[in-house]
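*Asks:* Just passing along the structure, written as structure tokens.
Every number here is computed from the coordinates shown, using simple stated rules; none is lab data. Just so it is clear, the model here is predicted, and its values are computed rather than measured. Every residue, glycine among them, receives a Cβ derived from its backbone with ideal geometry; neighbour counts consider all protein chains shown.
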Amino acid sequence: MKVKQQTLKAFEFEIDESKAFIEYYTKNAPLIQGYLLILSGEVDAEVIEFLDEKEAVYIDTNTKSMHMRKKRSTAVLDESSVTESSVCSQPTPSKNASVYYRTVRSGEEIYAEEELVFFGRINSGAVIESSRSIQIFGIIDGLVRSDGEYLLLKEIGQGSVFFHGEELDKSRFDGKLKLIKYDNGIIFKDI
């Protein structure tokens, strides 16, 4: 017998209703597929059947217990706070924006409901998610996801950036600052 300890990445869901979970999973499938799903709350037969159909790997913590490390971040993206808004003409972060003057390390996860500004690199294995706009002035080698009014980016390295559920084409970035908006599709503008 051989035994290896592995570090897994997972998405943790507290399910209130199966329909909302299935809609969220379907919308975010490119981000979720291939990860362990940790489920709690209302995990009914409809959710189990859906996940089995998608061949997802999951654990229902209502029936099984897990030993989990202390969470790095206590901020949770609340779907009810995501609202549709008009596309702004000038990117200006709100007074409630969180600003990071450092590199976001591998394994670090930042989930926020406010606007985010990063002046350092986003390393491989880092995850940044916000329901608001994001500005990143360093190279992106991790995963970035936003449903905000705009993105302000310079360069996507080995990472992936999803804006309103669509993955941005890395070849569009050449190290020059770009403003990305969403208006019935992705719009790029050189700054």
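*Asks:* For His164 and Arg105 in one chain, what is 0.36 nm times their gap in residues minus the Cα-Cα distance, to one decimal in nm? Could the numbers behind the result be given before it?
*Replies:* On the way: separation 59, 0.36 × 59 = 21.24 nm, distance 2.43 nm.
Using 0.36 nm per residue and subtracting the Cα-Cα distance, I get 18.8 nm.
*Asks:* From the phi angles alone, apply the Karplus equation (6.51, -1.76, 1.60; θ = phi - 60°) to segment 128-137 and give each ³J(HN,Hα) in whole Hz, x where the residue is Gly or Pro.
*Replies:* So the Karplus estimates, Gly and Pro as x, are 10, 9, 8, 7, 10, 6, 10, 10, 10, 9 Hz.
*Asks:* Ok, one more. Which of the three applies to segment 10-60, rounded, prolate or oblate, going by the alpha-carbon gyration tensor with a ≥ b ≥ c and a/c under 1.5 meaning rounded? Intermediate results must be reported in sequence, preceding the final value.
*Replies:* On the way: a/c = 1.33, a/b = 1.25, b/c = 1.06.
Verdict is rounded for segment 10-60.
*Asks:* Just the Cα atoms of segment 120-170, one point each, no solvent: what log10 I(q)/I(0) does Debye give at q = 0.21, 0.23, 0.30 Å⁻¹?
*Replies:* Each listed q maps to, in turn, -0.63, -0.76, -1.30.
*Asks:* Whole-Hz Karplus ³J(HN,Hα) for segment 142-153, in order, using 6.51 cos²θ - 1.76 cosθ + 1.60 and θ = phi - 60°, x for Gly and Pro?
*Replies:* Per residue, the Karplus-derived 3J(HN,Hα) values read x, 10, 10, 9, 9, 10, x, 6, 7, 10, 10, 9 Hz.
*Asks:* Where in segment 124-191 are there trypsin sites (Lys or Arg not before Pro) that are in a DSSP coil and have at most 13 other Cβ atoms within 10 angstrom of their Cβ? Don't jump to the answer; show the numbers that get you there.
*Replies:* Values: sites: Arg132, Arg145, Lys154, Lys170, Arg172, Lys176, Lys178, Lys181, Lys189; in loops: Arg132, Lys176.
Here the trypsin sites (Lys or Arg not before Pro) that fit, given the DSSP loop and packing criteria, are Lys176.
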